[in-house]
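Trainee: Handing you this structure, nothing more for now.
The values are calculated or read from the model by the stated rules, or taken from the named source; none is laboratory data. The model shown is predicted, which means the values in this text are computed figures rather than measured ones. No Cβ is skipped: glycine too gets one built from the backbone with ideal geometry, and neighbour counts run over all protein chains shown. Side chains are part of the model used for accessible areas, which takes the heavy atoms of the whole protein and leaves out ligands, DNA and RNA. Shrake-Rupley method; radii C 1.70, N 1.55, O 1.52, S 1.80 Å.
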Amino acid sequence: MTFDKIDRLSLQAAYTNEDFSPVSEQEQSSLSKLTENTSYWKDALRRLKQNKIAIVAFVVILLFILFAFVGPALSPYTYDQQIRGDENMTPNMKHPFGTDQLGRDLLVRVMIGSRISLVIGVGSALIVLVIGSLYGAVSGLLGGIADNIMMRIVEIIYSVPDILVIILLQIVIKEPLVKAFNSGSILSGLQTLGPGIVAIFIVYGMLYWVGMARIVRGQVLQVKQMEFVNAATALGAGKRRLILKHLLPNCIGTLIVTTMLQIPSAIFTESFLSFLGLGVSAPLASLGSLSAEALNGIQSYPHRLLFPAIAISVIILAFNLFGDGLRDALDPKLKK
């Protein structure tokens, strides 16, 4: 008798039929409690809740949204209302943020400026998300010569100075846009914003998506090698279905984090251009234009610069901190 037969006989003697009987309901319930299943999003939410800094940043973002969109409706003043006799007032009960040289309430103007910054930030980030994710997914899925050509185009666009393009584009499209605004067309609703803001959106659609495209391409190159993508291809799934149903959904964590971090970048760009006078058109207020107006009387009325500067800093900091928290929560490589 060989040693293998002896081992098999000893193993058979060590187990009985009861060892192979079905598990009872009580044992099943206790086992399910020990190994409770959790989804990717539940686990990410749990990790995000543990990040106190990210939660505080999220609360600050919500407060600024209420401040920007609900606050003006509760204010007794409008952003362009000039109150005679209230010019150059320091902060008081009637005007908590004071007034400017024209007697306009600075609190409601900071609210409107925060609204403009949030709308520009979120709108530009969505443009970057749509264009960049689709372009990067197509490039990564095709591969080969097509991928090389598409990435060379990205590198060329990446080298273009964006601020210069915004300035030149605003000069070129300013007159046509003004005519379109005054013609009563569908663009007349954008007349309040002015051609500067329209130019910012156009440039974001033309230039700023390249960073998103490069990130998505890298993710797609990894995901498309997995078994479920090969299985979908074998079952006859087309490239469109692969991108929309398989590749992009598996890059959703990266897409969310990159989009969230794009918002403060867009807010800073808009504030910088409005500070230079290339953003919103007067009398509409922007945090950047309010800071530029405050420079004329900074020694006598420093509060005019203080409030919009604090608003810009807090908004950008909150979005950056919350974006970092999302990155830590959604990145499975950081799981403990």
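Trainee: Phe319: accessible area at probe 1.4 Å, nearest 10 Å²?
Mentor: So the heavy atoms of Phe319 present about 20 Å² to solvent.
Trainee: Go through Leu129, Leu118 and list them by solvent-accessible area, largest first, probe radius 1.4 Å.
Mentor: Per-residue accessible area, sorted high to low, gives Leu129, Leu118.
Trainee: How much accessible surface area, in Å² rounded to 10, belongs to the heavy atoms of Tyr40 with a 1.4 Å probe?
Mentor: Tyr40 has an accessible surface of roughly 80 Å² with all protein chains in place.
Trainee: Keeping all protein chains in the complex and leaving out DNA, RNA and ligands, what accessible area do you get for Arg47 with a 1.4 Å probe, in Å² to the nearest 10?
Mentor: In the full protein context, Arg47 sits at about 40 Å².
Trainee: Can you compute the charge dipole magnitude of the range 216-336 about its Cα centre, using +1 on each Lys and Arg Cβ and -1 on each Asp and Glu Cβ, nothing else charged? Give it in debye, rounded to the nearest 20.
Mentor: Roughly 700 debye for the range 216-336.
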